[in-house]
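In what follows, a structure is listed as structure tokens, so that the remarks can point back to it.
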Amino acid sequence: MADKTPRYQEIADWLKENIRMGTFKSGEKLISEPSLCEKFSISRHTVRAAISILEQEGFVTRKQGSGTYVNHFISDGGRKKIGLLMTYADDYIFPTIISSIEEILSEKGHSISLSLTQNKVENERNQLLSFLSDDIDGLIVEAAKSALPSVNLDIFKEFARRSIPVIFINTYHAHLNCNYIVNDDAEGGRLAVRHLVENGHRKIGGIFKHDDMQGNYRYKGFAEELYARNLKLHENHIAWFSTETLDSLFSADQVKLLLDRLAGVSGIVCYNDQVAVKLIQAFTQAGLSIPQDLSLVSFDNSNLSRITSVPLTSITHPGQETGRLAAETLLAIIDDPRRSIRHIYKPQLMVRDSVRKI
């Protein structure tokens, strides 16, 4: 004769089934222990044993002095709905990141919902609210304008309150206690300057983006390496741009001002390969050549760095690996909310033809 299922296991199974069915909703308090005791005519000890099973299996989380809360859980046979919020999707490094995320999720039978912000805060807010109402199981997000104070922290905190895990990629909001997968952009800035200096360059300028943390950190490493090598930081030879001002920076009426600003330097560190390609075009139109008249180091090691008229020396970006790690880790955190990730990739320098040895 088979052993009878322990009473606490029966209660645990009943609770799990009601969580799956949505009777007890994610982020909300679980039915209280006294209510369970009364409903099933059982002792407090039996109830606590049942809840301990749920906690061990990741269905609930106990919060000291507050109670027991339901973790985000789905009922569709293990099929998860994952939100992906990116700044852009159709070019540069983004297709590689997105395709690697989609590959991991689809081969495991999960669905993905992709939204774009165009790196605009208002778009980010609207899409985040949409994901909240869509009852997703987890979110991978590239923060919009991450160098600026975020007005969307309240929504990110709501994801946490509902126990919906979020992983930031490429950048994150420093004021959040969050999961992230990023590149060491400051080290990338140091590598770029180091390479130029080792090739004889002493007067080095730069073009950086000020509304994303990547640009701030790349500038930080750039400046630190100059000082470490007892070189001057020529701020009059540094140009800054934002999401909205990039195109105007290279417009016909502004490009001469940019070239005048960069005149006198022998090497330039560019925020990314896109900026470097625009700069090459501007120099070519002005009758200058790369690297004979000016040497360039850029970031991201994208396809652009290899197919442009002068193959670019560029700092690597782990696009495909970022996507894979984000997808796999998010699924692991959904299954076990006690997990977390704070991963920083160490960049490498890919040497090509855009730096002249002096």
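The values are calculated or read from the model by the stated rules, or taken from the named source; none is laboratory data. The structure presented is a predicted model; accordingly, all values stated were derived computationally and were not measured. Neighbour counts are summed over all protein chains in view; Cβ atoms, including those assigned to glycine, are modelled from backbone coordinates with ideal geometry.
Scanning the stretch 322-356 for residues that are part of a loop (DSSP other than H, G, I, E, B) and in contact with a helix residue (DSSP H, G or I) (Cβ under 9 Å, 6 or more places away or on another chain) turns up ARG339, SER340, ILE341, LYS346, PRO347, GLN348, VAL351, ARG352, SER354, VAL355.
Here is a list of conditions, (1) assigned to a loop (DSSP other than H, G, I, E, B); (2) modelled with pLDDT of 95 or more, and SER251 meets all of them except one; can you say which number that is? For SER251, the exception is condition (2). Scanning the stretch 107-121 for residues that are of a type outside the set (A, V, I, L, M) and farther than 22 Å from ARG162 by Cα returns GLU107, LYS108, GLY109, THR117, GLN118, ASN119, LYS120.
Looking only at residues in the stretch 243-271 that are in contact (Cβ under 8 Å) with a residue 60 or more places away in the chain and not hydrophobic (A, V, I, L, M, F, W, C), the one that is surrounded by the fewest Cβ atoms within 10 Å (Cβ to Cβ) is GLY264. Summed over the stretch 100-136, residues that are within 17 Å of LEU331 (Cβ to Cβ), small (Gly, Ala, Ser) and touching a residue at least 24 places away in the same chain (Cβ under 8 Å) total 4. If you go through the stretch 150-157 one residue at a time, do you hit one that is part of a helix (DSSP H, G or I), within 17 Å of the chain's Cα centre (by Cα) and closer than 20 Å to ARG338 by Cα? Yes; the residues of the stretch 150-157 include at least one that is part of a helix (DSSP H, G or I), within 17 Å of the chain's Cα centre (by Cα) and closer than 20 Å to ARG338 by Cα.
Name every residue in the stretch 26-48 that is in contact (Cβ under 8 Å) with a residue 24 or more places away in the chain and either under 19 Å from VAL60 (Cα atoms) or of a type in the set (Lys, Arg) (or both), in order of residue number. Result: SER26, GLY27, GLU28, LYS29, LEU30, SER32, LEU36, THR46, VAL47. When ALA174 is tested against (1) buried (at least 22 other Cβ atoms within 10 Å of the Cβ); (2) under 30 Å from LEU349 (Cβ atoms), exactly one condition is not met: (1). Per the conditions (1) at pLDDT 95 or above; (2) within 27 Å of PRO149 (Cα to Cα); (3) in contact with a strand residue (DSSP E or B) (Cβ under 8 Å, 6 or more places away or on another chain), the sole criterion not satisfied by ILE204 is (2). Do we find that SER305 is in contact with a Lys or Arg (Cβ under 9 Å, 6 or more places away or on another chain), closer than 23 Å to VAL275 by Cβ and assigned to a helix (DSSP H, G or I) in this structure? It is true that SER305 is in contact with a Lys or Arg (Cβ under 9 Å, 6 or more places away or on another chain), closer than 23 Å to VAL275 by Cβ and assigned to a helix (DSSP H, G or I). Residues that are part of a helix (DSSP H, G or I) and in contact (Cβ under 8 Å) with a residue 24 or more places away in the chain within the stretch 15-25 comprise LEU15, LYS16, ILE19, ARG20, MET21, listed in sequence order. Being of a type in the set (Gly, Ala, Ser), surrounded by 20 or more Cβ atoms within 10 Å (Cβ to Cβ), over 17 Å from the mean Cα position of the chain (by Cα) and not assigned by TED's automatic domain parsing to the domain that holds TYR172 is a property that SER289 lacks.
Listed conditions (1) farther than 16 Å from GLU224 by Cβ; (2) at pLDDT 95 or above; (3) not β-branched (Val, Ile, Thr) are all met by ASP185, apart from (1). Can you say whether SER302 is within 16 Å of HIS195 (Cβ to Cβ), polar (S, T, N, Q), at pLDDT 90 or above and surrounded by 14 or more Cβ atoms within 10 Å (Cβ to Cβ), as far as the supplied structure shows? Answer is no for this residue.
In the stretch 323-338, is there at least one residue being over 30 Å from VAL197 (Cα atoms), surrounded by fewer than 20 Cβ atoms within 10 Å (Cβ to Cβ), basic (Lys, Arg) and touching a strand residue (DSSP E or B) at 6+ places or on another chain (Cβ under 9 Å)? Checked the stretch 323-338: at least one residue is over 30 Å from VAL197 (Cα atoms), surrounded by fewer than 20 Cβ atoms within 10 Å (Cβ to Cβ), basic (Lys, Arg) and touching a strand residue (DSSP E or B) at 6+ places or on another chain (Cβ under 9 Å).
Just need a number here: residues in the stretch 292-302 that are out of contact with any strand residue (DSSP E or B) (no Cβ under 9 Å at 6 or more places or on another chain) and touching a residue at least 60 places away in the same chain (Cβ under 8 Å).
Total satisfying the criteria: 1.
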